[in-house]
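Read through the structure below, which is laid out as structure tokens, and then see the notes.
FYI, it's all coordinate maths here, none of it is from the lab. The shown structure was predicted, so the numbers you read here are calculated from the model rather than taken from an experiment. In this analysis, Cβ positions are derived from the backbone assuming ideal geometry, glycine residues included, and neighbour counts consider all displayed protein chains.
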Amino acid sequence: MTSRRKRNLILLAKWACYFLILLLAATLQSLPGFLSLFGVRPLFILPVCLAVAIYEGEYPGALLAVAGGFLWDWTANRVSGLMALGLMVICFAAAVAVELYLRVNTVNFILVNAACCLLVTSMDFLFYYLMPGYPGATQRYLTQVLPMVLYTAALSPLAMMAVRRVAGRFVPEQ
Amino acid sequence: MALAVLLGGIMAWAGANGRLASAPEQILSAVLSPFQKGASAVSGGVGGLLDKYARIDSIIAENEALKQENWELQDKLVEYDRLKAENDAYKERDRLEDDSPEYTYMSAFVIGRDPLEQFGGFTIDLGTLDGVQQGDVVVSDQGYLVGRVLEAGPASSKVMTILQPGSYVACVVSRTRDTGNLNGSADYAADGRCVLENLSRDTLAQVGDAIITTGLGGEFPADIRVGTIEEILPEESGRSSIAVIEPGADVNNVKHVFVITDFETAYGQQAEQAQSASSAPAGE
């Protein structure tokens, strides 16, 4: 009984740490001008959600992605639930793909991050820029969206390191 | 006897030359001086080390006290910076209120910017609990138009900027009184510019002319400064002109703004007067 209680406490502490990292990521992502490079800023919530999905599995990862998506929606005053749904699907698929086809290492994580970030930013670009019919879409995509993908992917190992550290620190006894 | 005479001679020589130390002493002193200094340093060092060792507890305590003092000073510095920022904001608000006493200004800080936002939209730290409502006008510290509140939550609000396409504001060229619609443009938004559309084809407006709001429509107060004309281009159809506007506010990087929560436009006053005239008794 004691062992089970201890195990639950460890799991609780681990997920509390994940949530704190997610809160930090949401704060940094919405911080005006933070790490802005030629007007391009990186995403932080997506890499954290992806890292948790990869280290904890597709279902727990998808759940945290929902929380991350809602945080994103609320901090940016976007349509509530849109990003939550998008991140949930993407993180679930990424976790399954990594489990089946890829080894968990930094290079693969960066590549998975770049692919997922490209998907998220391209969908956002499609809905909020291309479909309203704003001009200069190609230039905008090349000068704003793609650099953001690269920037986010370049910084994503930070999220991986943080999540790996938490996952390694809170290991329930068998 | 001979030694006494010698010593007496040395004393007499030293006295006659006005010097208290004799030549041999000086030579000896010159030779020994480096060793004395070295010995003194070693002695002082050892003495200092022993002294430090003996006073280690008090030094540690003193170090802790200094660290604590340093933290307190850092806290005071942060508090000072915060107070200074607030003071600057209140000064700007007083200046704006002096310029336009008919408006009510509320100081707000920009607390969020979404990296995916394309047209400079941001979130401020005031919401409906503070009296902010959807449609309230947002201006910069210097009183230049930034945008208006798109959505007001309880504690925060989302601001749509003048860079957003579709954010029409009725404006006028201050010098020539040419009217037009200020609108965001996807072509210029990344550079922080917007456009004044529907200017007449033969407009006399020039580069550098100031743009202000007209207050028509009742959504924006009149005479709010917007910016200056950077370039005048013919519209595609050739029937009108478009002026590229450089806003006075740095919309993409603004960190502090004022929300005008209460204002009376000339349009609103006219409507009110018309309503009161029609409701007045006919005999009066």
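Structure notes:
- Backbone N under 19 Å from the B:Arg239 label point (7 Å along Cα→Cβ), restricted to the range B:196-230: B:196-203
- The simple spin-label model puts a point 7 Å past each Cα toward its Cβ; for B:Gln134 and A:Ala115 those points are separated by 4.1 nm.
- Scaled radius of gyration (Cα, divided by 2.2 N^0.38 Å) that the range A:2-169 gives: 1.06
- Most fluctuating residue given options A:Pro60, A:Pro135, A:Pro42, as computed from a GNM of chain A linking Cα atoms under 10 Å: A:Pro135
- Theoretical FRET efficiency, 1/(1+(r/R0)^6), r = Cβ-Cβ of B:Thr179 and A:Leu82, R0 35 Å, to 0.05: 0.35
- What you get for the range B:100-263, charging only the Cβ of Lys and Arg (+1) and of Asp and Glu (-1), is a dipole of about 100 debye around the Cα centre.
- Each of A:Ala65, A:Leu11, A:Pro42 was scored by the projection of its Cα onto the charge dipole of chain A, and the greatest displacement toward the positive side belongs to A:Leu11; charges sit on the C-beta of Lys, Arg, Asp and Glu.
- The ranking of A:Met161, A:Met83 by Cβ neighbour count inside 10 Å, starting from the fewest, reads A:Met161, A:Met83.
- Fewest-first sequence of B:Leu126, B:Leu150 by Cβ atoms within 10 Å of each Cβ: B:Leu150, B:Leu126
- Ranked by how many other Cβ atoms sit within 10 Å of their own Cβ, fewest first, the residues A:Phe127, A:Phe109 fall in the order A:Phe127, A:Phe109.
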